[in-house]
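Shown next, in structure tokens, is the structure this report addresses.
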Amino acid sequence: MYRILFITVCLLPVSVQAQPHTIIQVCGNHYVSPEDFAADLKAQNNSVTREEIDTEYHNFLESIRSEQRGQMMTLNDLIKRHQLKAVYVEGVTEKNVKEFLRLVHSVKNGAAIQRVSSDFVELGAASRLIVSGELQTLLPAEESAAYEASNPANSGGPLEFAKKIEFDKNANERREDAIVRNLLKAEGTAVILLGKDHNLRDNLNRLGASCKYIKTGRVDVKQSSSVFKRRQDLLVK
């Protein structure tokens, strides 16, 4: 009897299974290491000088820092308002979540500070809140197979940056479907830190989810960064 009940529940559409009342997407961009940033600029223009690269990267990094401060304020408000213990993070999968959390907690305990900058910008806004003690943990937003299929060059998690992006719209839709399925496992309010070019509305509709969807957060990375602009152009094709 219990087996029949379990099978019946699994066959029900998403809309009648347990799901969060609200999904909130806090928009953000990705940290880029100096090495990857420089490699990408050189790939676009081999005559670019070291000074030009340093200037571009300085502007980019300051914008990312400013954006993350805004994200942290938004997340803090949501954490208090909805009594959240965890948030979902783009690029974190069921495969890499333990390793990523291990690094975050080692930074929190002072064991890996030499591997990151003084403000921990490499970790991202959610992880920085774990370091500061304002958030307990983070959850994998991604399903690893769908994530890797949508962008094979960028399968290393949120601390790595792809040198090339081969955009596949259908694969990206499958990736977003998988993200939504993960979010629908939450109860109450699910908060995800996810790039502004991702819109989950059509995925929620396709999967028959009736929960409220809110997209928030101010993305403020300066367009002077040609690396950032090129990647944004690829993502919105």
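The values are calculated or read from the model by the stated rules, or taken from the named source; none is laboratory data. The structure presented is a predicted model; accordingly, all values stated were derived computationally and were not measured. Note that we place each Cβ from the backbone using ideal geometry, even for glycine, and neighbour counts take in every protein chain shown. Surface areas here come from the heavy atoms of the whole protein model, side chains and all, with no ligands, DNA or RNA. Shrake-Rupley method; radii C 1.70, N 1.55, O 1.52, S 1.80 Å.
Solvent exposure of Arg65, expressed as accessible area, is near 50 Å², computed with a probe of 1.4 Å over the protein chains only. Farthest toward the positive end of the dipole of segment 60-107, out of Gly91, Val104, Ile64, is the Cα of Val104, where the dipole comes from beta carbon charges about the Cα centre.
Each Lys or Arg adds one and each Asp or Glu takes one away; over the other residues whose Cβ falls under 12 Å from the Cβ of Asn199, this sums to -1.
Within the shell of other residues whose beta carbon sits under 13 angstrom from the beta carbon of Pro34, the net charge comes to -4, with Lys and Arg scored +1 and Asp and Glu -1. Ignoring aspartates and glutamates fewer than eight residues from Lys169 along the same chain, the ones with Cα atoms less than 18 angstrom from its Cα are Glu90, Glu142, Glu143, Glu148, Asp177, Asp197, Asp202, Asp233.
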